[in-house]
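Just so you know, all these numbers are worked out from the coordinates, no wet-lab data involved. Keep in mind it's a predicted model, so treat the numbers as computed, not measured. Cβ atoms come from the backbone with ideal geometry, glycine included; neighbour counts cover every protein chain shown.
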Ligand SMILES: Nc1c(C(=O)O)ncn1[C@@H]1O[C@H](COP(=O)(O)O)[C@@H](O)[C@H]1O
């Protein structure tokens, strides 16, 4: 199977958040790769990664970063593949810095910004899958099944007092 989704993060310390992206892609059976790459600390590696992503067969890049989260935007600047940004919750500013760094891109270079933290990491995987599902019937079926399971779980847990 070709690897179609590249997941990058600015630091090993982002893994606690980005593991949720990987978990969902595994549930959906979508092949992916995971790397630590930083626009700040390894700029040459980032440029190489982003420039070669399309020719290596990647179709979507998910980039997670915290604080001055330039990684998603700089990745988008170097590839025309869709880039999904995950704002990692920072200690100093609770992730507001990450969110604004990712969301407030200048016109012309888009990044699809998710929510801060675990929900954003989860949704990044689902959003990437939705992009692949346009052309890939297997991914479309996996996504439909994921949603059906989620709906069934919510309906089964419909009494909020059950855990008391
Ligand atoms: N925002 C960026 C970038 C980047 O945008 O290139 N590289 C690292 N970082 C972020 O710095 C935070 C702290 O990193 P350390 O825990 O390694 O000090 C991480 O959340 C990482 O994403």
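Among the residues of segment 94-145, those that are touching a helix residue (DSSP H, G or I) at 6+ places or on another chain (Cβ under 6 Å) and over 21 Å from residue 9 (Cβ atoms) comprise 133, 139, 140, 142, 143. Any residue in segment 45-57 that is in a strand (DSSP E or B), touching a residue at least 40 places away in the same chain (Cβ under 8 Å) and within 15 Å of the ligand (Cβ to nearest atom)? Within segment 45-57 (the criterion being in a strand (DSSP E or B), touching a residue at least 40 places away in the same chain (Cβ under 8 Å) and within 15 Å of the ligand (Cβ to nearest atom)), the answer is no, since none of the residues qualifies. The single condition from (1) within 14 Å of the ligand (Cβ to nearest atom); (2) over 19 Å from residue 143 (Cα atoms); (3) not in a helix (DSSP H, G or I) that residue 99 fails is (3). Can we say residue 74 is surrounded by 19 or more Cβ atoms within 10 Å (Cβ to Cβ), under 23 Å from residue 52 (Cβ atoms) and within 16 Å of the ligand (Cβ to nearest atom)? Judged against the criteria, residue 74 is a match. When 24, 60, 83 are checked against the criterion of being away from the ligand (no atom under 12 Å from the Cβ), closer than 14 Å to residue 124 by Cα and free of Cβ contacts under 8 Å to residues at least 40 places away in the same chain, 83 stands alone in meeting it.
For segment 11-21, the set of residues classified as touching a strand residue (DSSP E or B) at 6+ places or on another chain (Cβ under 6 Å) and near the ligand (Cβ under 9 Å from one of its atoms) consists of 12, 14, 17, listed by residue number. When residue 8 is tested against (1) over 15 Å from residue 78 (Cβ atoms); (2) within 16 Å of the ligand (Cβ to nearest atom); (3) buried (at least 24 other Cβ atoms within 10 Å of the Cβ), just one condition goes unmet, and that condition is (1). Can you name the residue in segment 106-122 that is part of a helix (DSSP H, G or I) and crowded, with 19+ Cβ neighbours inside 10 Å and, of all such residues, is farthest from the chain's Cα centre (by Cα)? Checking each candidate, the answer is 120.
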